[in-house]
Each structure stands twice: as C-alpha cells, then as structure tokens.
1. When the residues of region B:1-40 are filtered to those that are part of a loop (DSSP other than H, G, I, E, B) and polar (S, T, N, Q), which remaining residue is nearest to the chain's Cα centre (by Cα)?
2. Tell me the residue from A:V163, A:V167, A:V187 that is surrounded by fewer than 20 Cβ atoms within 10 Å (Cβ to Cβ) and closer than 25 Å to A:L118 by Cα, please.
3. Would you point out which residue out of B:I67, B:I86 is of a type in the set (A, V, I, L, M), assigned to a helix (DSSP H, G or I) and farther than 16 Å from B:E43 by Cβ?
4. Would you confirm whether any residue within region B:223-236 is at pLDDT 90 or above, within 14 Å of chain A (Cβ to nearest Cβ) and assigned to a helix (DSSP H, G or I)?
5. Looking only at region A:139-186, filter to residues that are free of Cβ contacts under 8 Å to residues at least 12 places away in the same chain and not β-branched (V, I, T); which one of those is nearest to A:K65 (Cα to Cα)?
6. Suppose we keep only residues that are under 21 Å from the mean Cα position of the chain (by Cα) and basic (K, R) within region B:100-153. Which one would you say is farthest from B:G42 (Cα to Cα)?
7. Can you work out which of the residues in region A:125-159 that are more than 12 Å from every other protein chain (Cβ to nearest Cβ) and over 20 Å from A:T94 (Cα atoms) is surrounded by the most Cβ atoms within 10 Å (Cβ to Cβ)?
8. Can you name the condition, by its number, that A:N98 falls short on among (1) more than 21 Å from A:T171 (Cβ to Cβ); (2) in a helix (DSSP H, G or I); (3) at the interface with another protein chain (Cβ under 9 Å from one of its Cβ atoms)?
Amino acid sequence: MKILSVENLSRSFGGIKANDNISFTVDEGSILGIIGPNGAGKSTLFDLITGYTKADSGKVHFFEKNIFGLSPDKISNLGVGRTFQKLKPFADQTLLENVMIGAFVKEQNIKKARDKALEIIDFVDLIEKRHHFAKELSTGQRKRLEMARAMAIEPKLLLMDEVTGGVDQKTIPSLVELIKKLKKTGVTIITIEHNINIIMEISDNVLALDQGKSIAFGSPKEIQKNKVVIDSYLGTFDAA
Amino acid sequence: MTSEIILQAIVTGLMMGLIYALIAAGLSLIFGLMEIVNFAHGEHLMLSMFSSFWLWSLFGLDPIFSIPITILLMAFCGIITHYFLIRYILKAKMLIQICATFGLSIFIRSIAQLLWTPDFRNVDKPLLEGRLEIGSLFIGQPQLIASLVCLMAFIGLYLFVTKTETGLALQATAQDRHAAEILGIPSNKMFAIGWAIGLGCVGVAGGMMANYFFIFTDVGINFALFAFVAVALGGFGSIIGCLYAGIIIGLVESLGGLLIDPSFKLLYVFVIYLLVVIYKPQGLFGRY
C-alpha cells in the first residue's frame, strides 16, 4: 500500500526552482533514500511534504488523505514525523522533556507520556542522558534526540534529514543500526543522506534529485547503474 | 535612622516587588513565546483595575471576590488581542510590531479616557483594609494579601509552565515554534494561550491592587515601565528571572527612597536598568 504519493510538487524561490515537478510514491513499511548534491532540493522537498513551506503547486497524499496545504501541526497529527538537517532540539529542556513534548501529541496523561518517552529514549540508547539538557548533548546524541522526539508522536511515516551528517565516523554505524531497528517497528522512512554507501545499504528505493528535478527513481541497484545519476552525482562511484 | 525603619522599607519593597514580578512575568511570557514586546501591558493593567472597580461599583462585588472574573476577562482580552492584532504582525518587522502594540496602548488608554474620563477612582471600604502591627512593623493588610496572592499566582504560573503538558508545549513553542509545529503543537493556539496567561497575570495583580490603589486611566504607565525593567533585569523570556528582578526593583525603590532621597526613587530603578543593558544585556537568567 502506498503511504505517500507526491505528484508534480513544485516550489520556486524567486527565479530559482527549488523543487520542479517532483513525483514519487513510497510503499508502507519501506525506506526511501533521497540523494542529490547540495542545493538539489532535498530538504525543501521535506519542507513541502511536512507543510513547513507552502508548495506552489502539486499534490501530496498521505494514505488517501490530501495533505497539500495543511499546517505542519495538522500533518504531524496525522502521523508524519520529521527530523531536521540543522538540528532543532529544545535546548533549554532536558532530553526527557524534549521527548515528552512529542509524546503529548498522543498521550495527555503526564505519567504515561513520561513512561512512553523513557521507553523511546531507551530505544535510541540514551537512557543515561535523560536528565541532561539538550544543549549539553553531543551532535550524535542530539541526532538521536531528534529521532526519539519524532518517534514519540508515533509516526507512520518518518522523514529523516541527514541523520549521519556532521557526526564522527565512529557514531555513524550505530545511527544506521538505529534506522534499521526503527524500520523493524513498522515505521515507513524517507531519509536524506549524503553517504551513498548508507543509502544503498538501507534503502528499498532511491530517489535522486538534481537542481530541483527528479532525475531517477528505483531500487538501489538501478540507481547505481543509472547513467544520469552517475554523471550528475555519483561520479566515479563504483557501480559494481 | 533606626533598623526598624530600614526593616519597614525592606518589607514594603518586598511586597511591591512581588506585584512587579507578576506583572513582569506576564510580559516576559508573551515576549518569550513570540518575541513581541507588549507595550500595552500597562494599559492592560489599567483595564484589570477598572474591571475590579466596575464589578464593585455596579454589582457590589468586592475586589477580593471579583478576582476570578477579572482574570477571565483579562485572559479573554489576551485572546482577542492575539486573534485581532498580534497574529497579523507575527512575521512583520520589529518596528511594525512595536508600533502595533504601542498603538494598542494609546488606543486602549484613549478609549478608557473617553468612557470613564481621566478621574481618579477608588474602591470604597473594601473588605481588605487596615494594617497589621508586628512589633514595630506596620504592614498594610491589602498590600500584604495582594503580594501573597501575587506570589501564589507566580508559583502557580511557574508550576504550570514547567510541569504541565500545555506548559511544556508553551516552552517548546517559545524555543522553536517550527520544531514544535512538527511535533503537532499548533503555534497559533499556543500564542493565544500565552496572551491569555500573560494578561491573566496582569488581571491578578491589577485586581488585587484595586483594593488600595487609585484607579485612573494612566495608572498602568509606571507599572509597565517597572515591568520592562524587571524583564530586562531578569532576562527576556525568563519567568523565574522576573521574580528575582521584581523583588530587586521593589527593594531598590523602597530602600533608595528611604536612604537617599524619595524624589529620586524612580531614578535608582532606571539606573539598574541601564547597568543591566550595558554590562549584562541578557539579564540574570535570559537566553536572548
């Protein structure tokens, strides 16, 4: 079943087309990887899907529901979670409070929200840091915080923007494992990644963008062999 | 000068400081949430005092009993202010925001003068009157109760903001409204709640002060100035900072007036403000 259908989504900033007639679908329970050079429009695409930025035209359906033009909070309440490339933790609040704020979307009772938040914090392996302020956490830990916070809203679809970006090499494998673990819970994931090896390892499908346009969509193997993708992004990537 | 007089000034300063703190907390909450300075805060205080006055004058309700009504009226006023003015200027430039709330202050004061004239009024024979004598200390009963009610309201506000679901959502919106929206928190609703709570605080302070203060259309101006100083001193957006700052201002006003010269007591407060702006612009607990 298709969890997300995007049709001819476009957005311009002045004369620059950040997203130009982007179309793709995502199967429930799968991982879609999005690749593309800097400025390809990957994060803008997330902004348009989540209502963070209003699209100029196009259609976005979450399951059967048209979510085009809805506000971010309404889209979130339907079950679309998101993390940011430029991290946005609530810095003056503890890790536990950060996740509880997300948990309140589905659970109004404070004790239950707290229990749920602790469970998720344990899931992302940060339980010992639960009382630390978000501003005290390392970049890798803040990435996990954002994942935990997004998970707390019980998303059916989770959009993750460069989870492994800006973290040290040692931390990356554990974050990749976390994404795989998350997929096993049944959450559908769309992830933007610059690390092509990670994308090829975890994705069921890959969407390649360049200069705001969709240049390829298919399985990781198909993308690796796609000449347009190789020319514009992968370069000398070993397609074998 | 005896130690009794100094102690008297300290007690008076503390009581006034708690009232300043609650007024400033309302201002700080609104600023912390949407980074808009409510220059009509003093006029909102004036409205809350008139609310108490008219409830007493027209319906015979003593201010101590009309406090819940005044709080609700002011909270409603906050919601109206948000939906009819503030939400249209949220993304506007700071100068426009300043003009909007400053314009609102002139509008409210002018309407009040038109409706109620600039005459001074007071609640005659309120339930809270007289004074307590503790040793050599004289404490006005209305002032004491007003400051204690303000302290309780302040504690309630602090617990609400730090311990409840809505409070955490308010804090989240204050820190990053876009990140909060992605978590399903409607920022527009949070802003309206912020205004309701902010003016509700003013409702408590104004309602209690109606017991012993003259009520007139310009009454809020000095209180608003002190609230701005308290917010700057405590740190923009910091509620707990307002408590410390309110008390400091109350004490400086009271002790400065006693120890140096009463005619300059406003000056001492504003000297503090200038020192804060120069040496610690983020205030005692501020994050801006």
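1. B:N38
2. Just a single option satisfies the conditions, and that option is A:V167.
3. Of the residues listed, the single one that is of a type in the set (A, V, I, L, M), assigned to a helix (DSSP H, G or I) and farther than 16 Å from B:E43 by Cβ is B:I67.
4. no
5. Only one residue tops the list, namely A:K184.
6. B:R121
7. Step by step, filter region A:125-159, then rank; the result is A:L157.
8. If we test A:N98 against (1) more than 21 Å from A:T171 (Cβ to Cβ); (2) in a helix (DSSP H, G or I); (3) at the interface with another protein chain (Cβ under 9 Å from one of its Cβ atoms), just (1) comes out false.
The values are calculated or read from the model by the stated rules, or taken from the named source; none is laboratory data. Just so we're clear, the structure is a prediction, and the values are computed from it rather than from any experiment. All Cβ positions, glycine included, derive from the backbone under ideal geometry; neighbour counts span all protein chains shown.
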